[in-house]
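Working notes, beginning with the structure itself.
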């Protein structure tokens with residue numbers, strides 16, 4: 001696992017700029033609450049109309065990379081992650097699109113690739129009529145960390 005963490009830490013994007021009056025991450029005790037983030041790319045549109053579910057999966061994976069970048073900034077290293085606890089995945093999708101869980105697997109799969117069993121988490125994957133700036137995916141997470 002440590003080789004994968006080093007590889008990921010070396011390929012993380014810059015932490016995105018905040019879009020309002022909030023913190024990227026809030027730590028209380030051994031839990032870190034990560035604010036919702038979108039994809040690295042400038043994608044705009046709806047999954048089910050403008051994007052396929054496979055493209056949505058890639059946007060969710062990019063979003064996971066943004067979340068990991070924020071987490072690394074907060075902790076100094078991803079090695080302090082004890083467990084990914086919860087992921088909330090929001091998909092900007094058409095009313096008839098029903099494969100939000102497949103899309104959010106892009107982030108979930110990334111977390112398991114990086115952290116192994118510690119990356120498995122509880123999750124919700126839901127469709128939204130719109131997301132900020134019409135991004136296709138927004139994801140937030142709760143992570144348990146070592147002292």
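FYI, it's all coordinate maths here, none of it is from the lab. These figures come from a predicted structure and were not determined experimentally. Because the Cβ atoms are built from the backbone with ideal geometry, glycine has one as well, and the counts that use them run over all protein chains shown.
Nearest 10 degrees, 0 to 90: what angle lies between the long axis of helix 100-115 and the longest principal axis of the chain (Cα atoms)?
That works out to roughly 20 degrees.
Can you compute the FRET efficiency between residue 146 and residue 10 using 1/(1 + (r/R0)^6), with r the Cβ-Cβ distance and R0 = 25 Å? Round to the nearest 0.05.
0.75
When only alpha-carbon atoms are used, what values of Rg and Dmax, in angstrom, describe region 18-63?
Using the Cα atoms of region 18-63, the pair Rg, Dmax is 13.9, 42 Å.
Evaluate Rg over Rh across region 90-147, taking Cα atoms for both radii and Kirkwood's formula for Rh.
1.04
Summarise the long-distance tail of P(r) for the chain by giving the % of C-alpha pairs beyond 20 Å. Before the final figure, lay out each step's value.
Working: 4504 of 10731 pairs.
So the pairs more than 20 Å apart make up 42 percent of the total in the chain.
What is the distance in Å between the Cα centroid of region 99-131 and that of region 57-96?
Spelled out, the Cα-based centre of one part sits 8 Å from the other.
Just to verify a number: FRET efficiency for residue 134 and residue 27, C-beta to C-beta distance, R0 = 35 Å, to 0.05?
0.70
Is it possible to state the helix-based mean residue ellipticity at 222 nm for the chain, with each DSSP H run of 4+ residues giving -39500 (n - 2.57), the sum divided by total residues, to the nearest 500 deg cm²/dmol? What is it?
Numbers: 3 runs with 47 residues, N = 147.
Calculated at 222 nm, the ellipticity per residue is -10500 deg cm²/dmol.
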